[in-house]
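I have placed the structure first, in the form of structure tokens, so that the comments after it can refer back to it.
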Amino acid sequence: MSSPITLAVTMGDPRGVGAEVMPAAALEVLAEDPDLEMIMLGWVGEIPFAHERVRWVTEAAFDGSAEGAGIVSLAAIREGVRLCAAGGAQALVTGPVHKGALRLAGSGHPGQTELLAELTGTDQVGMLMASEAGLLGHPVRVLLATTHLPLRDVPSAVTVDLLVDQSQLLSEALSRGWGIDAPRLALCALNPHASDDGLFGDEEETVFRPAMARLSSYGLDVTGPIPADTVFRRAALGEFDAVVAPYHDVGMAAFKSLAFGTGVNTTIGLPFPRTSPDHGTAFDLVGTGRASPGSAVAAFRLAGRLARARA
């Protein structure tokens, strides 16, 4: 028997599907992993189940408003970070939140990734979407080099240093957490057809090529820049262990097309593992019985795996 692993789990926005899918997923994973324990954080109304390896820490002061939902969500995240930092939990699993609600509650961050970086005092983090069961039979892993930015701001944000730092962070995470000795990375181009020798921009030549040269000098296995219309399929067929995408939607659109329902949002670079389902609050599905816990199940499983790898 391995040592117990404790997960700190936030329910997310109390108006969303988190209060449904997180408990359902927790029960499924607890049944298959006898060495897993959980601390459930956030408002869920009536506690949905009792379990000897689960402790509920609820927030009762929820007034039903968007601001109130943000306050509850933020409090749960902060408590989860505190538990992980103090050693009371070995990984954090976060339920889906609503960015507008977080903003009303006083958060100035565009998402949980950026919030967690500040709460932990971490300078360099990465937003890695990961599925170990892609639709084409191989794992699909996509790192978003830039995350929640307006598209007009992306070209100036994609720099040589950013690509180098994010690729190094990704390679280290895959080696440490996934046990991949020499990760094969692909850099997704920024421009159509990887600019086609300068016809559609010059970032591939002025930014991507120098970044690749530096990464190769560090001994990393990196290929690219590869056009977005081919790189994700090549990765999904097993040619690469992960793709570095230059901006949010090019990476997320491909990832969710290849792995929706089994995908996990993972923050790499934090002092502890953090995972989350790859979907949002899905207000339209609340109470319908149609919200699938599949992505949350995958998030719990990966959190346990990454925590054990660190241990």
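The values are calculated or read from the model by the stated rules, or taken from the named source; none is laboratory data. It should be emphasised that the depicted structure is a prediction, and the values quoted were computed from it without experimental measurement. Counting neighbours? That spans all protein chains shown, and the Cβs are built from the backbone with ideal geometry, glycine included.
Sort through Arg301, Arg274, Arg290, Arg310 and tell me the only one that's charged (D, E, K, R) and in contact with a Pro (Cβ under 8 Å, 6 or more places away or on another chain).
Selected residue: Arg310, the only one of Arg301, Arg274, Arg290, Arg310 that is charged (D, E, K, R) and in contact with a Pro (Cβ under 8 Å, 6 or more places away or on another chain).
State which residue is surrounded by the most Cβ atoms within 10 Å (Cβ to Cβ) when the search covers only region 111-154 and only residues that are of a type in the set (Asp, Glu) and part of a helix (DSSP H, G or I).
The qualifying residue surrounded by the most Cβ atoms within 10 Å (Cβ to Cβ) is Glu114.
Quick check: is even one residue across region 224-241 in contact with a His (Cβ under 7 Å, 6 or more places away or on another chain) and of a type outside the set (A, V, I, L, M, F, W, C)?
Yes.
Would you mind finding the one in Ala303, Ala253, Ala307 that is out of contact with any His (no Cβ under 7 Å at 6 or more places or on another chain), assigned to a helix (DSSP H, G or I) and surrounded by 24 or more Cβ atoms within 10 Å (Cβ to Cβ)?
Ala303
Tell me, which residue of region 266-277 that is out of contact with any Leu (no Cβ under 6 Å at 6 or more places or on another chain) and within 25 Å of Gly45 (Cβ to Cβ) is surrounded by the most Cβ atoms within 10 Å (Cβ to Cβ)?
Looking at residues that are out of contact with any Leu (no Cβ under 6 Å at 6 or more places or on another chain) and within 25 Å of Gly45 (Cβ to Cβ), I get Pro277.
Select from region 79-97 the residues that are under 20 Å from Asp63 (Cβ atoms) and either at pLDDT below 95 or more than 18 Å from the chain's Cα centre (by Cα) (or both) and list them in ascending order.
Glu79
Scanning for something surrounded by fewer than 24 Cβ atoms within 10 Å (Cβ to Cβ) and not in a loop (DSSP other than H, G, I, E, B), does region 242-249 turn up at least one residue?
Yes: one or more hits.
Check off (1) out of contact with any strand residue (DSSP E or B) (no Cβ under 6 Å at 6 or more places or on another chain); (2) buried (at least 17 other Cβ atoms within 10 Å of the Cβ); (3) among the hydroxyl-bearing types (Ser, Thr, Tyr) for Ser3 and give me the number that stays unchecked.
That leaves (2) as the condition not met.
Mind listing whichever residues of region 201-239 are assigned to a helix (DSSP H, G or I) and hydrophobic (A, V, I, L, M, F, W, C)?
The answer is Val207, Phe208, Ala211, Met212, Ala213, Leu215, Ala228, Val231, Phe232, Ala235, Ala236.
Would you call Leu163 assigned by TED's automatic domain parsing to the domain that holds Val243 and within 24 Å of Phe300 (Cα to Cα)?
Judged against the criteria, Leu163 is not a match.
Go over the candidates Ala50, Ala31, Ala76 one by one and state the one that is of a type in the set (Gly, Ala, Ser), under 21 Å from the mean Cα position of the chain (by Cα) and within 25 Å of Arg301 (Cβ to Cβ).
Being of a type in the set (Gly, Ala, Ser), under 21 Å from the mean Cα position of the chain (by Cα) and within 25 Å of Arg301 (Cβ to Cβ) holds for just one of Ala50, Ala31, Ala76, which is Ala76.
Looking at Val222, Val154, which is the one that is β-branched (Val, Ile, Thr) and touching a residue at least 60 places away in the same chain (Cβ under 8 Å)?
Residue meeting the stated conditions: Val154.
Given the structure, is Leu190 without any contact (Cβ under 8 Å) to a residue 60 or more places away in the chain, crowded, with 16+ Cβ neighbours inside 10 Å and within 14 Å of Phe240 (Cβ to Cβ)?
When the stated conditions are applied, Leu190 does not pass them.
Which residues, taken from region 135-157, are of a type outside the set (S, T, N, Q) and closer than 17 Å to Leu185 by Cα?
If the condition is that a residue be of a type outside the set (S, T, N, Q) and closer than 17 Å to Leu185 by Cα, then His138, Pro139, Val140, Arg141, Val142, Leu143, Leu144, Ala145 are the ones that fit.
Of all the residues that make up region 59-94, how many are in contact with a Phe, Trp or Tyr (Cβ under 6 Å, 6 or more places away or on another chain) and without any contact (Cβ under 8 Å) to a residue 60 or more places away in the chain?
Residues in region 59-94 being in contact with a Phe, Trp or Tyr (Cβ under 6 Å, 6 or more places away or on another chain) and without any contact (Cβ under 8 Å) to a residue 60 or more places away in the chain: 4 in total.
Need at least 2 residues that are among the aliphatic types (A, V, I, L, M), in the same structural domain as Pro293 (by TED's automatic domain parsing) and surrounded by 24 or more Cβ atoms within 10 Å (Cβ to Cβ) per element, so show me which strands (runs of 3 or more DSSP E) inside region 12-110 make the cut, counting only ones lying wholly within it.
Ranges flagged: 36-41, 91-94.
Does Phe208 satisfy the condition of being more than 30 Å from Glu32 (Cα to Cα), surrounded by fewer than 22 Cβ atoms within 10 Å (Cβ to Cβ) and touching a Pro at 6+ places or on another chain (Cβ under 6 Å)?
So Phe208 does not fit the description; no.
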